[in-house]
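See below for the structure under consideration.
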Amino acid sequence: MAPLTPLTNTNTNMSDDAWRDSFIEYYTTNAPTKVLMVNDKMMAKWSGKYEILMKNLIEKYGPLGAPIDQPQVPKRSKPALTNRRPFTADRGASSSSAPSIDEHASKFNALISAATPTALPPRDLNLNVVESKASNSQNGLETSTFTVCTRVRPLLGPELINNAGGGGGLTLSSVVPGRRTSIGGNYTEELLLHTPKVSITGNATLDTLSHHFDYVFGPDSTNEEIYDLACAPLVKRALNGQVGVIFAYGQTGSGKTHTMSGILDILATSAIFSDLTN
């Protein structure tokens, strides 16, 4: 072992700042990757024992200016996975053969069809959801007169191309209208959100969430239908001096502009303007 050679400018009467400078000088010269270890925490830990710390450093890293090469710690490598047997449903095929969502297209479509009501009952034409909410308000205050509707647009061109095998993907009609119910004078319509999944065993499964709205308009609904049910009552309220507001919310491409423009077109050609001019 090399003889211990402390720094020539260190002694027991050195101030803390002088010791800090000595440690920084030593680490910078003999172990530059460790120089950041000289901080307030280290100085507080070794306060009053700086000579002992310097002695330990010289034993490990060598005298100042004559650093001792440190042994390199080999990095641990992960074992190769080439000999592992891939998990499959029958343990007989590789994992690459596990079915994907695209390969389950026909099964998913069948599951969605089975979980979706095939025939919805007709709406009661005498039921006006907008006005019924206003008439059911308490204390004469119309505090619960919001009518919340949702519209499911049909698949568009690029999505149909995907299903035909030309887009490199699969698009499923997994958001569909559900049941229409009237319980205790409260009328609601259901929206079903089907989420296709492939289980760990490779089977096609379907998770379904149910949401309730005042009206749910499916892909076959028309702007006229939406206007008659959700908008015409508000126009009547506005003509009677009350307030009627319609706003659309949804992500880009969901059909907001198409719906709102259709409502305005119907309103522009309705009889209310001819009545006003006459």
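The values are calculated or read from the model by the stated rules, or taken from the named source; none is laboratory data. As the structure is a prediction and not an experimental result, all values here were calculated from the model. All Cβ positions, glycine included, derive from the backbone under ideal geometry; neighbour counts span all protein chains shown. Ligands, DNA and RNA are excluded from the accessible area calculation, which covers all protein heavy atoms including side chains. Shrake-Rupley method; radii C 1.70, N 1.55, O 1.52, S 1.80 Å.
Some points to look at:
- The set of residues from the stretch 237-263 being of a type outside the set (S, T, N, Q) and under 23 Å from LEU156 (Cα atoms) comprises ALA248, TYR249, GLY250, GLY253, GLY255, LYS256, HIS258, MET260, GLY262, ILE263.
- In the set (1) surrounded by 10 or more Cβ atoms within 10 Å (Cβ to Cβ); (2) modelled with pLDDT under 85; (3) of a type in the set (Asp, Glu), ASP69 fails one condition alone, (1).
- Residue count for the stretch 212-231, restricted to those that are open to solvent by 80 Å² or more (accessible area, probe 1.4 Å) and either free of Cβ contacts under 8 Å to residues at least 40 places away in the same chain or in a loop (DSSP other than H, G, I, E, B) (or both): 3
- Counting only residues that are modelled with pLDDT of 70 or more, under 26 Å from the mean Cα position of the chain (by Cα) and surrounded by 15 or more Cβ atoms within 10 Å (Cβ to Cβ), the stretch 125-162 holds 6 of them.
- Remark: ILE24 falls outside the filter, which requires a residue to be modelled with pLDDT of 70 or more, on the phi < 0 side of the Ramachandran plot and touching a Pro at 6+ places or on another chain (Cβ under 7 Å).
- Filter pass, LEU234 being open to solvent by less than 40 Å² (accessible area, probe 1.4 Å), over 22 Å from LEU155 (Cα atoms) and in contact with a helix residue (DSSP H, G or I) (Cβ under 7 Å, 6 or more places away or on another chain): yes
- Filter result (touching a residue at least 60 places away in the same chain (Cβ under 8 Å) and over 26 Å from the mean Cα position of the chain (by Cα)) within the stretch 181-200: TYR187
- Residue count for the stretch 255-275 under the criterion of being open to solvent by 40 Å² or more (accessible area, probe 1.4 Å) and assigned to a loop (DSSP other than H, G, I, E, B): the result is 1.
- Residue check for GLY244: at positive phi and surrounded by 14 or more Cβ atoms within 10 Å (Cβ to Cβ): no
- Candidates in the stretch 98-124 are the residues that are modelled with pLDDT of 75 or more and exposed (fewer than 13 other Cβ atoms within 10 Å of the Cβ); of these, the one that is farthest from LEU234 (Cα to Cα) is SER106.
Rundown of residues vs (1) assigned to a loop (DSSP other than H, G, I, E, B); (2) in contact (Cβ under 8 Å) with a residue 24 or more places away in the chain; (3) open to solvent by 70 Å² or more (accessible area, probe 1.4 Å), yes/no style:
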site	(1), (2), (3)
TYR26	no, yes, no
THR29	no, yes, no
LYS41	no, no, yes
SER47	yes, yes, no
LEU57	no, yes, no
LYS60	no, no, yes
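- Any hit, the stretch 193-202, residues being in contact with a Pro (Cβ under 9 Å, 6 or more places away or on another chain) and in a loop (DSSP other than H, G, I, E, B): yes
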